[in-house]
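S.K.: Sharing a structure here in structure tokens format.
The values are calculated or read from the model by the stated rules, or taken from the named source; none is laboratory data. From a predicted model like this one, the values you see are computed outputs, not experimental measurements. Cβ sites come from the backbone with ideal geometry, for glycine too, and all protein chains shown count toward neighbours. Accessible surface areas use protein heavy atoms only, side chains included; no ligands, DNA or RNA. Shrake-Rupley method; radii C 1.70, N 1.55, O 1.52, S 1.80 Å.
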Amino acid sequence: GDIASITRENQDPYITKLKYNNQNAISLALSMNKGGNVVKLGEVVEAELAVIQNDLPVGIEIHPVFYQHNKVNESINNFLINLIESVVIVIVVLLLAMGFRAGLLIASGLVFTILATFIVMNIAGVEIHRVSLAAIIIAMGMLVDNAIVVADGILVDLGKGIPRAKAFLNTAIKSGVPLLGATFVAILAFMPLAFNHTGADEFLRS
């Protein structure tokens with residue numbers, strides 16, 4: 001008090017200022033800890049805000065600006081629908097193009113592999129979100145392509161009259177290394193995402 005007069009007031013000029021429906025407002029942002037479920041967190045926050053609102057002074061209200069969990073839930077549901085649709089479309093096309101037996105063999109392998117992938121993701125702690133689901137769709141394309149190459153090679157050898165066991169073995173030997181090489185190249189194409197140390201790493205590593 002001897003050297004200065006101190007008062008509490010708004011900063012002038014403002015660095016940041018928020019209005020909600022043309023009323024002065026204060027923003028509160030909540031972020032989730034790593035490994036959490038943003039949908040469950042959002043539901044808990046909404047329930048807690050409803051309780052807090054009842055105890056606030058008259059004239060102070062809580063309004064949502066952006067509820068991320070609603071968008072995430074909607075986005076994941078849409079993406080899962082797209083994934084299921086893509087699997088069904090692939091299966092139908094395989095059955096029509098490759099014949100029932102070969103198409104059913106490839107399609108069943110595709111379904112079992114996707115289910116096994118979800119199990120491994122759960123064990124490894126990889127969350128299901130847009131990036132990981134997009135990666136599954138990319139891998140699914142590679143899997144179907146490889147399976148078609150092998151199945152087609154077997155059918156060609158069978159058409160030439162080669163015994164069934166030999167046709168299976170020959171095709172696996174001939175196409176195994178090239179397909180493994182192509183898969184390895186695809187892995188290398190996405191490898192920089194895994195070693196990215198910028199902010200993108202948080203989203204792209206999985």
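S.K.: Non-local amide H neighbours of Tyr20 (under 5 Å, H modeled in plane, Pro and chain starts lacking H): which ones?
M.R.: Counting only residues 5 or more places away or on other chains, the set is Ala25.
S.K.: Rolling a 1.4 Å sphere over the protein heavy atoms, what is the accessible area per residue of the chain, to the nearest Å²? Please list the in-between numbers first.
M.R.: Working: 15770 Å² over 206 residues.
With the other protein chains kept in place, the chain gives 77 Å² per residue.
S.K.: Still on this structure, I have one more. Helix by helix, which DSSP H runs in the chain go 27 Å or more along their axis at the Cα atoms and have an average Kyte-Doolittle hydropathy of 0.5 or more? It would help to have the intermediate numbers written out before the result.
M.R.: Numbers: long enough: 68-98 (44 Å, 1.18); 100-124 (35 Å, 1.92); 130-159 (43 Å, 1.70); 164-194 (43 Å, 1.20).
Helices meeting the criterion: 68-98, 100-124, 130-159, 164-194.
S.K.: Could I ask something else about it? Which one of Gln68, Gln11, Gln53 has the biggest mean-square fluctuation once the chain is modelled by GNM with Cα springs under 10 Å?
M.R.: Greatest mean-square fluctuation among the candidates belongs to Gln11.
S.K.: When we measure straight from the Cα of Lys160, which lysines land under 26 angstrom away, once same-chain ones fewer than 8 places off are left out?
M.R.: Lys174
S.K.: What residues have an amide H closer than 5 Å to that of Arg205, excluding those fewer than 5 places away on the same chain, when H is modeled at 1.01 Å from N in the peptide plane?
M.R.: none
S.K.: Considering only Ala25, Ala102, Ala186, give the residue with the highest GNM mean-square fluctuation for the chain, with springs between Cα atoms whenever their separation is below 10 Å.
M.R.: Ala25
S.K.: In whole percent, how big is the carbon plus sulfur part of the accessible area of the chain, probe 1.4 Å, protein atoms only? Spell out each step's value before the answer.
M.R.: Values: 10120 of 15770 Å².
Heavy-atom surface of the chain belonging to carbon and sulfur, 1.4 Å probe: 64 percent.
S.K.: Calculate the FRET efficiency for Ile162 and Ala47 from the Cβ-Cβ distance with a Förster distance of 45 Å, rounded to the nearest 0.05.
M.R.: Working: r = 66 Å, r/R0 = 1.47.
Using R0 = 45 Å, I get an efficiency of 0.10.
S.K.: Here's a follow-up. Would you list which lysines come within 30 Å of Lys71, measuring only between C-alpha atoms, while excluding same-chain residues fewer than 8 positions from it?
M.R.: Lys17, Lys19, Lys34, Lys40
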